[in-house]
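Every number here is computed from the coordinates shown, using simple stated rules; none is lab data. Treat the numbers as computed from the prediction; the structure is a model and nothing was measured. Glycine gets a Cβ as well: all are built from the backbone with ideal geometry, and neighbour counts include every protein chain shown.
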Protein chains: 2
Amino acid sequence: MTTRWLSSDQQRAWRSFLLGTTLLMERLDRDLRDKHDLSLPEYEILVRLSESPEWALRMAELADAVKNSRSRITHTIARLERTGLVERRQCPSDGRGVFAHLTDAGYRKLSDAAHEHVESVRQALVDVVADDDLVAIGRAFEAVADTLETGTPDPVLSAKVTHSSAEAAQPA
Amino acid sequence: MTTRWLSSDQQRAWRSFLLGTTLLMERLDRDLRDKHDLSLPEYEILVRLSESPEWALRMAELADAVKNSRSRITHTIARLERTGLVERRQCPSDGRGVFAHLTDAGYRKLSDAAHEHVESVRQALVDVVADDDLVAIGRAFEAVADTLETGTPDPVLSAKVTHSSAEAAQPA
DNA sequence: CTCAAGTAGTTGAAGATTCAACTGATAGGC
DNA sequence: GCCTATCAGTTGAATCTTCAACTACTTGAG
């Protein structure tokens, strides 16, 4: 089949998205690093742990939750353990299992960081974008996530007529 | 001032966005690596070069275009040079300057990769999302990029009434 | 002209991520 | 019970990114 390039509108939207998210993520990461000595990925790990019963999650569950490889989680948790924000605990029921457990210091660090982080998210995204557009973003990326996680688009969400599409357009 | 947490709708949208983009970028990167031995950042560099007059760009311009640090561009171009996709050329008018120049092999590699890459972008995003939502995404991240690049939101784009906002909500 | 300040790019070490190989434990099948 | 396949997590090397110097060149003030 011949390649269906993007229409120039689609192309523009895609490029804006790429640029915007790049800058957005970089900003959030930098703010966290500068003010709290946390990377964005580390922050996300602390969030997941703080939301879990007992402040603990099995390594693999944590890896899944933040979409990291298991190896990466092992390395990152090792770092967070060194700085005292997280503790490793043997799983009693499964000899192979390990829990990552948020410490009090970790919870305090997260609580501190959360204020400024949310403020960053607002300043860079939420307060800059129309309410409807934020809703659209939520809806759209929910569909994207469903598609990529299940292999097929969620049939309920994808009630979209795929009547595409223009020719024209460059390769990127 | 007391922290303005996100409303639960905003929170849900934000989390969907985080998850969706994480999976999306990972997928695009993986597809390029598996099929063309290119990372997404490398692909983006080749795209910029291919769109430039003479297929060449000064190192700093290139760094700006793809939002990489200068150091990172130096390293990445060194790698791309080793694989023969890019050449370095001294700038005649400025003794400090260096051009990164796309080679024929680089152009061929890019042309090959572009087909499947666009297909990936379609399958994972464009074809999965309502047309209006893609438009909203484009508009929204243009505003985000403007805000982050200039320090202030573009006054034209931000014709938004900032009448926020609910209480409630968790820290992330 | 000369010098100080700034710009373009590079360098190498430190830190983070990926990858493939590995250890140790569990779960079935028989 | 035992043996194999699988699962959970770790390890260390290779790769990529960041960070803080550093070199070399250009610019502009005087």
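What to note about this one:
- Helices (runs of 4 or more DSSP H) enclosed by segment A:23-138 - at least 3 residues per element that are within 14 Å of chain B (Cβ to nearest Cβ): A:40-50, A:59-66, A:104-121
- Count of segment A:65-80 residues which are within 9 Å of DNA strand D (Cβ to nearest atom) and free of Cβ contacts under 8 Å to residues at least 12 places away in the same chain: 6
- Taking the numbered list (1) within 11 Å of DNA strand C (Cβ to nearest atom); (2) touching a Leu at 6+ places or on another chain (Cβ under 6 Å); (3) under 27 Å from A:LEU125 (Cβ atoms) in turn, B:ALA124 passes all entries but (1).
- Counting only residues that are surrounded by 18 or more Cβ atoms within 10 Å (Cβ to Cβ), touching a residue at least 40 places away in the same chain (Cβ under 8 Å) and more than 19 Å from the chain's Cα centre (by Cα), segment A:104-128 holds 2 of them.
- Scanning segment A:24-48 for residues that are away from DNA strand C (no atom under 11 Å from the Cβ) and without any contact (Cβ under 8 Å) to a residue 60 or more places away in the chain gives A:MET25, A:GLU26, A:ARG30, A:ASP34, A:ARG48.
- Checking each residue in segment B:82-103 for being loosely packed, with under 15 Cβ neighbours inside 10 Å and aromatic (Phe, Trp, Tyr) picks out no residue at all.
- Top-ranked residue in segment B:49-77 [being of a type in the set (Lys, Arg) and in contact with a helix residue (DSSP H, G or I) (Cβ under 8 Å, 6 or more places away or on another chain); ranked as nearest to DNA strand C (Cβ to nearest atom)]: B:ARG70
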